[in-house]
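Read the structure below first, then the notes.
Any read-out appearing in this document is the output of simple, stated calculations on the displayed coordinates, not a laboratory observation. The shown structure was predicted, so the numbers you read here are calculated from the model rather than taken from an experiment. Using ideal geometry, Cβ is built from the backbone for each residue, glycine included, and neighbour counts are taken over all protein chains shown.
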Amino acid sequence: MTMEILNDFNTEIINESPIYRVEYSNGNYSGSCTYVETRPQSKFQSGTVYLLTHSDMGDVIEYIHKKTPLTSDDFNEVQMGIREHSLSSLLSYHQGQVQ
């Protein structure tokens, strides 16, 4: 399953450093993923780490289900796709801030 359907949503990053919220909206459907910015936890990590602390994407999953009916087997893939998309959006936001 491709998660391109998430591009149907307007995405906004709310910066309350060190907390960041990736908010999704499309009409009556909305959701958010909340991240905390933290330092690397070991010498093997470099750069900033964004830890997903909360996700409220029920409306978004409902939208996806209406567009592309989901089975229970699809749920893990959808969850992972949402996590990847929200983190990618957050990283793109930070790259735009640096430039």
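Just a few scattered comments:
- Of the residues making up region 50-61, those that are surrounded by 14 or more Cβ atoms within 10 Å (Cβ to Cβ) and more than 12 Å from the chain's Cα centre (by Cα) number 2.
The rows are residues; the columns are (1) without any contact (Cβ under 8 Å) to a residue 24 or more places away in the chain; (2) over 15 Å from ASN7 (Cα atoms); (3) of a type in the set (Phe, Trp, Tyr).
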site: TYR29; (1), (2), (3): no, no, yes
site: PRO40; (1), (2), (3): yes, yes, no
site: MET57; (1), (2), (3): no, no, no
site: ILE64; (1), (2), (3): no, no, no
site: ASP73; (1), (2), (3): yes, yes, no
site: VAL78; (1), (2), (3): no, no, no
site: GLU84; (1), (2), (3): no, no, no
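- Single unsatisfied condition, MET80 versus (1) touching a Phe, Trp or Tyr at 6+ places or on another chain (Cβ under 6 Å); (2) of a type outside the set (Val, Ile, Thr); (3) in a helix (DSSP H, G or I): (1)
- Within the option set GLU4, GLU37, GLU23, GLU16, being surrounded by 15 or more Cβ atoms within 10 Å (Cβ to Cβ), closer than 22 Å to GLY96 by Cβ and more than 11 Å from the chain's Cα centre (by Cα) holds for one residue only, GLU37.
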